[in-house]
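> Have a look at this one.
The values are calculated or read from the model by the stated rules, or taken from the named source; none is laboratory data. Just so it is clear, the structure is predicted and the values come from calculations on it, not from any experiment. Backbone-built Cβ (ideal geometry, glycine too); neighbour counts: all protein chains shown. For accessibility, only protein heavy atoms count, side chains too; no ligands or nucleic acids. Shrake-Rupley method; radii C 1.70, N 1.55, O 1.52, S 1.80 Å.
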Amino acid sequence: MDDQVWLQSLTWEEVAQKTRESKNTIILPVGSTEQHGTHLPVGTDTMVATALAESAARKAEVLVAPPLWFGWSPHHMVLPGTITIRPEILIEVVYDVVKSLNGHGFDKLIFLNGHRLVNISWLQIAGERTKRELGVKVAIFDPAFMSKEFTQSFGWGEVGHADEIESSHMWYCYPELVKMDRAKDNPHKHRKLYRVDPKYRGDTLCYVPSSPAEQEALVRISGGTSGEPSKASQEGGKKYHEHLVEALVVVIKTVQEQK
Ligand SMILES: [Zn+2]
């Protein structure tokens, strides 16, 4: 952990100084704690968000707030380790965190979403409210949207769960936590409509969480994975990480330059 970019590692005097030096900009990583198949840790979504935030914060010289480890994950409650909070609680927590940070001068916030499509709606509501009520500038950075051209060119399939994209990223950032020998493939069944992946033209952007029975079926097939983690590679994870960090730095600068 790079102590210089994490808010929680600094004294209040250091925070005050960094607030000024960062042009009042801070990243808030928002993830989840939920099952990620038999080969990835339950903290995967938060871990990938913190890894991206840390790398980009170092380059852009901004701070990172302590990550939110909980998201909306009712669809993964069939397996141990999953913790879910209600969406309205998530919206309220994000609002209160932003209000606190804003009270001490931060007025440019990047919500870094590690929990894919499932957290986006709530972050949009929280972002709109904080912008309207507190007058802060907010951007939501979502790795799936920000990497759609990249992952396609890399030969990875569509966004799933504990899939080749997440597995590659985790394998690169946290090799000691990944058990690739335990990974089980569960290839996507191609549907003409109702595909939920921003890189496809047929993406319908409609998300309905699975029922416990559907999730139990998934567990029997693959231990909770959708996608093909056997296509994962550390090298791919490195390129994916670097691609996203570059994009995140651009987003940070854009927010800082907004009038
Ligand atoms: Zn995930």
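> Do we have any residue at all in the range 14-28 that's in contact with a Leu (Cβ under 9 Å, 6 or more places away or on another chain), more than 22 Å from Y95 (Cβ to Cβ) and within 16 Å of the ligand (Cβ to nearest atom)?
no
> Would you list the helices (runs of 4 or more DSSP H) that sit entirely within the range 94-200 and hold 1 or more residues that are within 16 Å of the ligand (Cβ to nearest atom) and in contact with a Pro (Cβ under 8 Å, 6 or more places away or on another chain)?
On the way: elements: 117-134, 143-146, 148-153, 164-173.
Answer list for the range 94-200: 117-134, 143-146, 164-173.
> Turning to a different aspect of this structure: In the range 215-255, what residues are open to solvent by 40 Å² or more (accessible area, probe 1.4 Å), farther than 25 Å from A53 by Cα and free of Cβ contacts under 8 Å to residues at least 12 places away in the same chain?
Listed by number, the list holds a single entry, R220.
> Looking only at the range 41-67, how many residues end up being open to solvent by 10 Å² or more (accessible area, probe 1.4 Å), touching a helix residue (DSSP H, G or I) at 6+ places or on another chain (Cβ under 6 Å) and farther than 19 Å from T19 by Cα?
Matching residues across the range 41-67 total 3.
> Can I ask one more? Are any of the residues in the range 133-145 under 27 Å from P209 (Cβ atoms), open to solvent by less than 80 Å² (accessible area, probe 1.4 Å) and among the aromatic types (F, W, Y)? Steps first, answer last, please.
Residues of the range 133-145 under 27 Å from P209 (Cβ atoms): 138-145.
Going one step further and asking which of them are open to solvent by less than 80 Å² (accessible area, probe 1.4 Å), we end up with 138-145.
Imposing the further condition that a residue be among the aromatic types (F, W, Y) reduces the set to 141, 145.
So far as the range 133-145 goes, yes, one or more of its residues are under 27 Å from P209 (Cβ atoms), open to solvent by less than 80 Å² (accessible area, probe 1.4 Å) and among the aromatic types (F, W, Y).
> Just checking, does the range 194-208 include any residue being in contact with a strand residue (DSSP E or B) (Cβ under 9 Å, 6 or more places away or on another chain), in contact (Cβ under 8 Å) with a residue 60 or more places away in the chain and surrounded by 17 or more Cβ atoms within 10 Å (Cβ to Cβ)?
First, pick out the residues of the range 194-208 that are in contact with a strand residue (DSSP E or B) (Cβ under 9 Å, 6 or more places away or on another chain): 195-197, 202-204.
Going one step further and asking which of them are in contact (Cβ under 8 Å) with a residue 60 or more places away in the chain, we end up with 196.
Then keep just the ones that are surrounded by 17 or more Cβ atoms within 10 Å (Cβ to Cβ); that gives 196.
Yes: one or more hits.
> Filter the range 149-160 down to residues that are surrounded by fewer than 22 Cβ atoms within 10 Å (Cβ to Cβ) and out of contact with any Asp or Glu (no Cβ under 8 Å at 6 or more places or on another chain), then give me how many there are.
Qualifying residue count, the range 149-160: 6.
> From the set of residues in the range 1-51 that are part of a helix (DSSP H, G or I) and within 13 Å of the chain's Cα centre (by Cα), which is nearest to E242 (Cα to Cα)?
A51
> Let me ask you something else. Which of the residues that make up the range 70-100 are within 30 Å of A16 (Cβ to Cβ), under 17 Å from the mean Cα position of the chain (by Cα) and open to solvent by 60 Å² or more (accessible area, probe 1.4 Å)?
F70
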